[in-house]
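What follows is a single structure, written as structure tokens, with notes after it.
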Amino acid sequence: MFRGEHLFLLNHGRTPAVVPLPSARTDLLTGRVYDTEVGLDRFAAVVLAPLDSPPPEGSSTVHRKARKLFLTPLFALLALIGFAAAPAHAATWSSSDQWGNWSNGGYTLYNNIWGSGAGSQTIWANSYTDWGVWANHPNTGGIKSYPNAKRVVGKKVSALGSLNSSYNVTVPSSGAYNTSYDIWDTNYDYEIMLWMNKTGPVGPLGTSQGSLTLGGHSWTVYKGSNGANEVFSFIRSSNSSSGSVDIKAIVNWIKNTKGWFGDVTIGDVQFGYEITSSAGGLDFKTNSFNVSFS
């Protein structure tokens, strides 16, 4: 945006941006000089003046008036679009690619926009335990994405000494989604979903198998098939945004008590957000997460 020879630059996107400049400029807010380009973090703004037209020497009053003249409409614009309320994340990595992924500390993060009719989505991360996603998917049916962090276990159920995980999330109060673990055997024949919280018109695949308390939580269990693999869904009786879960107890119950699978090798333990709709753009944040096993 221009006002005379001054430039108002606002990055209201979800990833950092670099903007080329027509000539060297001075940031009116900080006094920093930019020669050929300016880098803008997510939700950042600058007001740039030409280097060849600085305020006259000793004219602090003129300079203050100029700042007010150019900054007042900028702040009005920011207020109009909700800039002040927008969350800012200083991300080490981010991606808006459909299959964008990043490895860190033995975990892999995936943007994973796999459903049809999806909108835009950006995943960001500082580490596997500090990451989040902004998603703007239309208010239509069908799962659009499952951004997640995963750790590979690679042990048979009978060989597991322990398999535990902890989580802490901040999720929106609107939209349609669930926060869930997605646990697979190495052949991808069996899928175990642990729904820790859910919002909106979403539900599990299959039919109810009853309720039980297991692995530190109370669940209603569903069993079904999507045509490619068996799905066992554990839906928590009430929403939880933080806690820990004993995954070994759950896979042992499926194997030994129900006999739904044999001594399979546990592969991926994923944790993320299965998003059906998030119209207008919603933020999902993982404050902490880990998987441990022996």
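Observations on the structure shown:
- For the peptides 159-167, 115-123, the ranking by mean Cβ contacts within 10 Å, running from highest to lowest, is 115-123, 159-167.
- Placed amide H near GLY281: partners under 5 Å, 5+ positions off or other chain: HIS137
- In this structure, the residue pairs whose Cα-Cα separation is over 27 Å, taken from LYS150/LYS248; LYS144/LYS258; LYS223/LYS248; LYS144/LYS255; LYS255/LYS285, are LYS144/LYS258; LYS144/LYS255; LYS255/LYS285.
- With contacts taken as Cα pairs under 8 Å and at least 6 residues apart, the stretch 128-278 reaches a relative contact order of 41 percent.
- Using θ = phi - 60° and Karplus 6.51 cos²θ - 1.76 cosθ + 1.60, couplings along the stretch 194-200 (whole Hz; Gly, Pro as x): 10, 8, 8, 7, 8, 9, x
- For the peptides 143-155, 266-278, 168-180, 222-234, residues were scored by their other Cβ atoms within 10 Å and the scores averaged per peptide; the highest-first order is 266-278, 143-155, 168-180, 222-234.
- In order through the stretch 254-265: 3J(HN,Hα) via Karplus (6.51 cos²θ - 1.76 cosθ + 1.60), integer Hz, x for Gly, Pro: 5, 6, 8, 8, 9, x, 6, 8, x, 7, 6, 8
- Summarised in one figure, the compactness ratio Rg/Rh of the stretch 132-272, Cα atoms and Kirkwood Rh, is 0.94.
All of the numbers you see were taken from the coordinates with simple rules; none came from a lab. This one's a predicted model, so the numbers in the text were calculated from it and none came from an experiment. When we count neighbours, we look across all protein chains shown, and the Cβ atoms used for this are built from the backbone with ideal geometry, even at glycine.
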